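The values are calculated or read from the model by the stated rules, or taken from the named source; none is laboratory data. Note that the structure is predicted; figures quoted are calculated from it, not measured. Because the Cβ atoms are built from the backbone with ideal geometry, glycine has one as well, and the counts that use them run over all protein chains shown. The protein model used for the area step is the full one, side chains on, heavy atoms only, and it has no ligands, DNA or RNA in it. Shrake-Rupley method; radii C 1.70, N 1.55, O 1.52, S 1.80 Å.
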Amino acid sequence: LENSNERMETHPFGPFIPENATILILGSFPGKGAEWYYCTQRNQFWEIIEAVYGVNLKSRSDKINFFNEKGIALADIIKKTKRENQRNVDKNLKNKEFLKKEEIEKIINSANIKTVFFTSLDVQKEFEKMLPEYKNGEYLPSPSPRNTMSKNKKIEIYMTKLLQKK
């Protein structure tokens, strides 16, 4: 019998692709109740971005405006999934339906994406299965607090990788 808490969820928002985007940050699937990318309470993504760029991004529109200005696109590789035990952790995402190869190519080609950064090794693995010919992919440490790397170390890595790819 299927657990009624585990129904299929569809991604609540589409890819965010500024016209001038040269960087795509590709994640897995938004946390429960997230108003936008990486906007769950404990996710460190926006704190890391604020530290990397020396900015204060409090609202969704601040984040959108900043990423528009910087030419950074955001998307997730999973379109639909079941969330086991109502948890946000990627390992609790089951029956995943991924974007199709054409959908990822459309995202990359709709702007001038030069580098795709993956915020999860699972995302990187799935992407590389779909587009083995794509050679400009790089791993960024997961901004999840479950990743035991210190936030300062994450900031250092994001800074090194993102700022060299302007």
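Using R₀ = 25 Å, calculate the FRET efficiency as 1/(1 + (r/R₀)^6) where r is the Cβ-Cβ separation of ARG60 and LEU163; round to 0.05.
On the way: r = 24 Å, r/R0 = 0.95.
That gives a FRET efficiency of 0.60.
For the chain, what is the accessible area per residue in Å², given a 1.4 Å probe and the full set of protein chains? Mind showing how you got there, number by number?
On the way: 8980 Å² over 166 residues.
Dividing the accessible area of the chain by its residue count gives 54 Å².
Under the definition of Cα pairs under 8 Å and six or more residues apart, what whole-number percent is the relative contact order of the chain?
Details: 258 pairs, mean separation 53.3, N = 166.
That works out to 32 percent.
Quick one: which of LYS32/LYS106; LYS79/LYS125; LYS135/LYS161; LYS80/LYS100 span more than 18 angstrom between C-alpha atoms?
Values: LYS32/LYS106 27 Å; LYS79/LYS125 16 Å; LYS135/LYS161 15 Å; LYS80/LYS100 12 Å.
Check vs 18 Å cut-off fails for LYS32/LYS106.
With θ taken as phi - 60° and the coefficients 6.51, -1.76 and 1.60, list the Karplus ³J(HN,Hα) couplings across segment 146-151 in order, rounded to whole Hz; mark glycine and proline as x.
Values, residue by residue: 6, 6, 6, 4, 5, 4 Hz.
Which option, (i) 110; (ii) 215; (iii) 119, is the value of volume of the Cα convex hull per residue in Å³ that was calculated from these coordinates?
Identified label for the calculated read-out: (i).
Computed FRET efficiency, Cβ-Cβ of ASN95 and GLU47, R0 30 Å: what is it to the nearest 0.05? All intermediate terms of the calculation are to be shown ahead of the outcome.
Details: r = 31 Å, r/R0 = 1.05.
Efficiency, from the Cβ-Cβ distance: 0.45.
Got a number for carbon plus sulfur as a percent of the chain's accessible area, 1.4 Å probe?
Numbers: 4130 of 8980 Å².
Roughly 46 percent of what the probe reaches on the chain is carbon or sulfur.
Based on DSSP, what percent of beta bridges with both residues in the chain are antiparallel, to the nearest 5?
On the way: 8 of 20 bridges.
Here the antiparallel bridges make up roughly 40 percent for the chain.
Check which residues have an amide H placed less than 5 Å from GLY137's amide H, if you skip close sequence neighbours.
When sequence neighbours closer than 5 places are left aside, the close amide H contacts are VAL116.
Taking amide H positions as placed in the peptide plane 1.01 Å from N, state which residues far from ALA21 in sequence (5 or more) or on other chains have amide H under 5 Å from it.
The list, which skips near neighbours in sequence, is ASN112.
If amide H atoms are built 1.01 Å from N in the plane of the peptide, which residues on other chains or at least 5 residues away come under 5 Å of the amide H of GLY31?
Close amide H contacts, sequence-distant or interchain: TYR38, CYS39, THR40.
Mind checking which aspartates and glutamates have their C-alpha under 17 Å from LYS151, skipping anything on the same chain fewer than 8 residues away?
GLU47, GLU50
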